[in-house]
Amino acid sequence: MIFLLFFFSCQQDIPPPSTPAVQDPSREWKSLLLQATTPDGVNYGLIQQNKAVLDRYVSWVGTVGPQMNRINRKRWPRAKRSDRHLAFFVNAYNAWVIYSVLEHWPVRSVQDVDVGVYTQPNVGFFFGQRFKVDGEYMSLYHLENERLLGNFHEPLIHVMLNCASKGCPPLQYWEHKNLTVNAEKAMTAYLNSHWGARRAETGWEFSELFSWYQDHFVDWSEADTLCQYLQQYSNKELSSWLEQQSECNLTFFSYDWTLNNLPEAEQNPLKD
């Protein structure tokens, strides 16, 4: 018990960078993301140049959300409330990831970020830091596993979250309207890209992401195997191959944790 208290007490709280906006700043943050992102990565230099937009957004997500709205006796629209909550937490997660990358700049990988006693790869970045979301300080690990996966049991969440790494699905802003349809499109694009599945001597190999969360993709869907789940998002050639895998013993390639920074030629360099 004493060890656990020490372990959690060593987490670092990252306070919101500015006074929370009175008006919802989501639209301007979405607009900046559209300019700063491509399927190949993120223009961190452009976001740094417009960091006030990011600051307003992450400060805002700290003071609103399902819990805070109940406390303040405010209601979000009843229609598709779960999709609204899901999109809110996903966007909050992704925004705080970008904020943390800029705070630790220059960084080659989020695996290199150490926070106090948290020096193991990924532990400092995803567990050692706590950010304010929906009125509560929480780590990215808690936000992902408790607020998102633990509450929604939706396997497509894994293609919506961005971990600031080349191996993860591309960063984007998520609207609650048509959320499932757009997430399915994102899964299709990711799986059929070089980062999702690749030709190999034995047929195909897949991102380690699908190995880590295999239980989610199967248990939280109608698929009996991971092959069946992936087949619905595969192009014709890959779909045909997956259909032939009766035992579904897939091979996985290593996740690329290199920072998903766009090549220098495609962006304005981020100044130190």
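The values are calculated or read from the model by the stated rules, or taken from the named source; none is laboratory data. Nothing here was measured: the structure is a model prediction, and the numbers come from that model. When we count neighbours, we look across all protein chains shown, and the Cβ atoms used for this are built from the backbone with ideal geometry, even at glycine.
Quick notes on this structure:
- Counting only helices (runs of 4 or more DSSP H) that sit completely within segment 161-240, those holding 3 or more residues that are of a type in the set (S, T, N, Q) correspond to 179-191.
- Only one of the numbered conditions (1) at pLDDT below 95; (2) under 15 Å from the mean Cα position of the chain (by Cα); (3) of a type in the set (Phe, Trp, Tyr) is violated by residue 126, and that is (1).
- Selection of segment 159-177 for residues being more than 20 Å from residue 39 (Cα to Cα) and surrounded by fewer than 19 Cβ atoms within 10 Å (Cβ to Cβ) yields only 177.
- Hey, residue 101 in a helix (DSSP H, G or I) and either at positive phi or aliphatic (A, V, I, L, M) (or both) or not: yes
- Output for segment 206-220, where each listed residue is surrounded by fewer than 16 Cβ atoms within 10 Å (Cβ to Cβ) and either on the phi > 0 side of the Ramachandran plot or hydroxyl-bearing (Ser, Thr, Tyr) (or both): 211
- Subset of segment 139-158 [closer than 19 Å to residue 100 by Cβ and surrounded by fewer than 20 Cβ atoms within 10 Å (Cβ to Cβ)]: 141, 142, 145, 146
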